[in-house]
Amino acid sequence: MSKDNKVHIYNRLFFKLYLNYSVMLLVTAVLICLIFMKLYGDMTIKNIKEQMEDRANKLSAIASEYIISGKEGFLTDLNLISEVNDWDIWSISNPDAINRMSTSMETGDTYEDFIAIEEYAPYVESINKAFQGPGDYQERDDKVYEQTILIVSKAIRGDGQEVVGAILIVTKVKDQKELIEKSLYMIVMSSVVALGISFVIVIIFATELSLPISRMRTTALELAAGNYKAKTGIKRDDELGDLAKTVDILSEKLLENDVERKKLDQMRLDFFANISHELRTPITVIRAYTETLSDGVVQEEEKKQQYYERMLSECKSMERLVGDLLLLSKMQNPDFKIESEPVNLNQVFEDIIRSAGAIAEKKNIKIAVTKDSPVNMILGDYDRLRQMFMVILDNAIKFSDENKSVHIKIEKSDKIMVSIKDEGVGIDPTDIHNIFEKFYKSNLRQNASGTGLGLAIAKQIAIRHEGSIDVKSAPGEGSEFIFTFPHFREEV
Ligand code: ADP
């Protein structure tokens, strides 16, 4: 295929269609001509033959009547038939007959005259057959007439059924041949006109067919060049319409993929920018403090100690960030297998409430737990589940004011449902869709030390446990995080 969208004329669909159509028409015309010629030729020859035989029989009967009655004037009848039909007719006497035919009934040339001329041999053969009784029929290319002729001969019977002579009729078939040739000429001319008309029909037909194909080709080339907005714009109910629709669907899919790819590229860029940003602050702080300490500017032990503590805290936050990132990438890797053992969620919550208790107590936040069953088993990784619920409980305490409560509810129905509800600041409806994104964090005062990775990790852990995580929140009223997990039932 050429790049410049040009197809050679001989390869064009239109040209091929026209060629096929014309060849088909031509073959049909030639076949019709041949069949016509054969049928028409055979029919006319057969008709003439029948006519000649009929006349020969009649002449033979008339001659017999003349002979038996002894009347004169047979040749007048004979000449009449000869002239009407434009045939050559002879009445020849049989030289071997006992009662020879009267010379007044002979047309002129005698049997001996015929024998004397070499070219008359076919006529002599026919005359002989008539003398023998049955008569003759021949179709032949004749030397005398220099064309195809038909010969018919019949016996003339006298007294006692004796063959006394013969009727010989000869006719040329040239006129008939001319008629056939004329008809043939008409057929050829009609075919030429038909070819001309077919050219117009093929132009319309081929344009109808090739235009959508060429439009689809242009669209495909545009898609290949990266213009995924290209559409064929063809609406038809036939197979071409189906194909065009498929090309349009393909272009839509390509466009969607392109948008998705660009989004992913942007996310990757944002991700790196976020990591760099998160690491920059602790590194800058550590560097500044290390420089200050190494310059020996700070002398007081107490101040030095403060610097070390700050550096340690920054190191810890970097460690947490790197740890969170590692865990997140592990969780997102489909090849990474999490531990899978029966875990009692009630036990997990006892564990995390113990850990979070101290922070909750500082803000005088009450943690209330309701569970409808002493055992709520799911299959999974104890440490990861603990980490996941810890993120939520941590946030619930972090984003709640003092003297509030956090309600934890574990329920069992066809699934295990866990709800962690706080009475905190709540989440703005415009932010709620983003909170599970990596590095998403609010600018709230409570969130100074957050990395924005907690909920992203929690979501991945839930997914890896075939569970789901959902959030309901209203600003100022609090937030509720709801998990669902499939039960673990021990095989009995
Ligand atoms: P962070 O480390 O910043 O807490 P998370 O991924 O855990 O990161 O949370 C992302 C954001 O979701 C938070 O910055 C906060 O805006 C919002 N958020 C999460 N939990 C709560 C909650 N219980 N109440 C209000 N806002 C919350």
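The values are calculated or read from the model by the stated rules, or taken from the named source; none is laboratory data. Every value quoted in this text rests on a predicted model; they were computed, and no experiment measured them. Cβ coordinates were reconstructed from backbone atoms using ideal geometry, including for glycine residues, and neighbour counts include every protein chain displayed.
Checked against (1) farther than 18 Å from Gly467 by Cα; (2) more than 16 Å from the ligand (Cβ to nearest atom), Glu319 passes all but a single condition, namely (2).
The lone criterion from (1) closer than 30 Å to Lys441 by Cα; (2) in contact (Cβ under 8 Å) with a residue 40 or more places away in the chain left unmet by Leu221 is number (1). Considering Ile397, Ile359, the condition of being farther than 17 Å from Ile482 by Cβ, in contact with a helix residue (DSSP H, G or I) (Cβ under 6 Å, 6 or more places away or on another chain), loosely packed, with under 15 Cβ neighbours inside 10 Å and among the aliphatic types (A, V, I, L, M) is satisfied by Ile359 alone. Taking Leu254, is it over 30 Å from Ile89 (Cβ atoms) and in contact (Cβ under 8 Å) with a residue 24 or more places away in the chain? Judged against the criteria, Leu254 is a match.
Among the residues examined, Val391 qualifies as under 60 Å from the mean Cα position of the chain (by Cα), under 17 Å from Ile461 (Cβ atoms), surrounded by 15 or more Cβ atoms within 10 Å (Cβ to Cβ) and touching a residue at least 40 places away in the same chain (Cβ under 8 Å). Taken over the stretch 289-302, residues that are surrounded by 13 or more Cβ atoms within 10 Å (Cβ to Cβ) and in a helix (DSSP H, G or I) amount to 3. Screening the stretch 86-98 for residues that are among the acidic types (Asp, Glu) and loosely packed, with under 12 Cβ neighbours inside 10 Å and picking the one that is modelled with the highest pLDDT gives Asp96. Taking residues in the stretch 58-79 that are farther than 13 Å from Glu106 by Cβ and free of Cβ contacts under 8 Å to residues at least 60 places away in the same chain, and partners anywhere that are among the charged types (D, E, K, R) and buried (at least 21 other Cβ atoms within 10 Å of the Cβ), not one pair has Cβ atoms closer than 8 Å while being at least 6 places apart or on different chains. When residues in the stretch 358-394 are screened for being away from the ligand (no atom under 15 Å from the Cβ), among the hydrophobic types (A, V, I, L, M, F, W, C) and touching a strand residue (DSSP E or B) at 6+ places or on another chain (Cβ under 9 Å), 7 of them pass.
Pairs linking a residue in the stretch 315-341 that is among the polar types (S, T, N, Q) to a residue that is loosely packed, with under 14 Cβ neighbours inside 10 Å and in a strand (DSSP E or B), with Cβ atoms under 9 Å and 6 or more positions apart or on different chains, do not occur.
Taking the condition touching a residue at least 12 places away in the same chain (Cβ under 8 Å), part of a helix (DSSP H, G or I) and touching a strand residue (DSSP E or B) at 6+ places or on another chain (Cβ under 6 Å), does Ile353 pass? Taking the combined requirement at face value, the residue satisfies it.
The set of residues in the stretch 175-200 being in contact (Cβ under 8 Å) with a residue 24 or more places away in the chain and under 16 Å from Tyr18 (Cβ atoms) consists of Ser191, Ala194, Leu195, Ser198, Phe199. Could you tell me how many of the residues in the stretch 422-465 are in contact (Cβ under 8 Å) with a residue 60 or more places away in the chain and of a type in the set (Lys, Arg)? So the count comes out to 2. Of the strands (runs of 3 or more DSSP E) lying entirely inside the stretch 395-492, those carrying at least 3 residues that are near the ligand (Cβ under 10 Å from one of its atoms) and not aliphatic (A, V, I, L, M) are 478-485.
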